[in-house]
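Since the structure comes first, as structure tokens, the remarks are kept for the end.
Throughout, read-outs are computed from the coordinates displayed, never taken from laboratory work. In this text, all values refer to a predicted model and were calculated from it rather than measured experimentally. Cβ placement follows ideal geometry from the backbone for every residue including glycine, while neighbour counts extend to all protein chains displayed.
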Amino acid sequence: MTEGLIEAHEHGAPTAREAQDGREGHGDLDGLVAAVTGGASGIGLATARLLRDRGARVAVLDLVPAPDADLLSVPCDVSRDDVVRAAVARVAGELGGLDVLVSNAGIGAVGTVEAGDDDEWARVLDVNVTGAARAIRAALPHLRASRAPSVVLTCSVVAFVGVPNRALYAASKGAVAALTLAMAADHVHEGIRVNAVSPGTADTPWVARLLDQAADPAAERAALEARQPIGRLVTAGEVARAIAYLASPLSGATTGSILSVDGGMTNLRLPR
Ligand SMILES: NC(=O)c1ccc[n+]([C@@H]2O[C@H](COP(=O)([O-])OP(=O)(O)OC[C@H]3O[C@@H](n4cnc5c(N)ncnc54)[C@H](O)[C@@H]3O)[C@@H](O)[C@H]2O)c1
């Protein structure tokens, strides 16, 4: 992204590329390289595809391969520092640098604070919190060399709202929220923006797996839909568009933000 493009937007003039596409913002990631952890499924896959469609060269860092041939699929377990460093180095080497990191890989945990043992706590925090730190740490040298560096983390509504039976998972996402703000402060003077999205319950394979385990999946789905003021689940595409907004150089004034994509669940109180 060039200063010229940003200025053209600020003065309301369409860029040549926009005029060609007829859509503001389309192509805003032209020439940039993005990596998405957990990008082979759900929110991460929708994000990888959207960043690609907006012009980025995109790598997916995941335990499983990305389904699209035009996404660079890099095997990666965010719980292993050596693997994460090698994966990020490969992305930068093969795609020519790294401008946008989407730290999205995450795993769930169900139950109250009495449910999980220390091993489960260590495993979930290792993937959801330290895994994000590992990916961002490995990306930082490349982000410092970028013209438009940006980090976006996937947080969750459970960081801000008490939801039953999610003690460990909520603790991990609370840490992601705090990490987002701390890193935004640490790196603002380097021009590196750090933001997060906070999805409500989103219609992804993750939630499908949760529903499959319920005694009455249809009733459980209806309860999850009713919990969100919009009366439905969030789509992976809606979360992806929020991530793309935060990742875009057009959002250069936005850092240290946690953008809710939660159907109103965090902030609205409706009469029953
Ligand atoms: N679906 C929801 O309702 C919801 C709501 C709020 C936040 N989130 C968050 O969104 C993110 C994505 O969730 P989703 O619903 O798309 O889930 P998903 O299960 O569809 O996708 C998660 C991806 O992460 C990958 N992954 C898991 N562990 C990994 C590891 N150690 N290293 C690398 N990759 C790993 C998986 O292989 C998978 O491809 C997670 O951080 C989750 O906490 C989801």
(request) About the Cα centre of the range 107-196, how large is the charge dipole given +1 on each Lys and Arg Cβ and -1 on each Asp and Glu Cβ? Please answer in debye to the nearest 20. (result) 560
(request) Report the one residue of Gly31, Gly174, Ala253 whose Cα lies farthest in the direction of the positive end of the charge dipole of the chain (charges on C-beta: Lys and Arg +1, Asp and Glu -1; origin at the Cα centre). (result) Ala253
(request) Give the angle, between 0 and 90 degrees and rounded to the nearest 10, that separates the Cα long axis of helix 81-95 from the longest principal axis of the Cα atoms of the chain. (result) 40
(message) In whole Hz and in residue order, list the ³J(HN,Hα) couplings for the range 103-118 that follow from phi through the Karplus curve 6.51 cos²θ - 1.76 cosθ + 1.60, θ = phi - 60°; x for Gly and Pro.
(response) 8, 10, 4, x, 10, x, 7, 10, x, 7, 5, 7, 6, x, 8, 4
(message) For a quick check, take a GNM of the chain with Cα springs below 10 Å and name the residue from Asp53, Asp119, Asp68 with the largest mean-square fluctuation.
(response) Asp119
(request) As a check on your grasp of the helix formula, calculate [θ] at 222 nm for the chain: sum -39500 (n - 2.57) over DSSP H runs of n ≥ 4, divide by the residue count, round to the nearest 500. (result) -13000 deg cm²/dmol
(request) On a 0 to 90° scale, report how tilted helix 236-247 is relative to the longest principal axis of the chain, with both axes built from alpha carbons and the result rounded to the nearest 10. (result) 40
(message) Quick check on the exposure proxy: order Ile107, Ile258, Ile192 from fewest to most C-beta atoms within 10 angstrom.
(response) Ile107, Ile258, Ile192
(message) Taking 22 Å as R0, compute the FRET efficiency from the Cβ-Cβ separation of Ala222 and Ile107 and round it to 0.05.
(response) 0.30
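So in the range 34-173, what percent of DSSP beta bridges are antiparallel if you round to the nearest 5?
Values: 0 of 16 bridges.
About 0 percent, rounded to the nearest 5.
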(message) What do you get for the angle between helix 167-187 and the principal long axis of the chain? Use alpha-carbon atoms, 0 to 90 degrees, nearest ten.
(response) 20
(request) Counting residues in the chain as N, plug N into 2.2 N^0.38 Å and put the Cα Rg over that result. (result) 1.00
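Hey, any idea what the orientation-averaged projected area of the convex hull of the range 228-272's Cα atoms comes to, in nm²?
Details: hull surface 15.1 nm².
Mean shadow area of the hull around the Cα atoms is 3.8 nm².
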(message) Under 5 Å between amide hydrogens, which residues at least 5 positions from Ser73 or on another chain qualify, with H placed 1.01 Å from N in the peptide plane?
(response) Val60
(message) Where in the chain is the longest stretch that carries no GluC sites (Glu not before Pro) classed as loop by DSSP and with at most 15 other Cβ atoms within 10 Å?
(response) 115-272
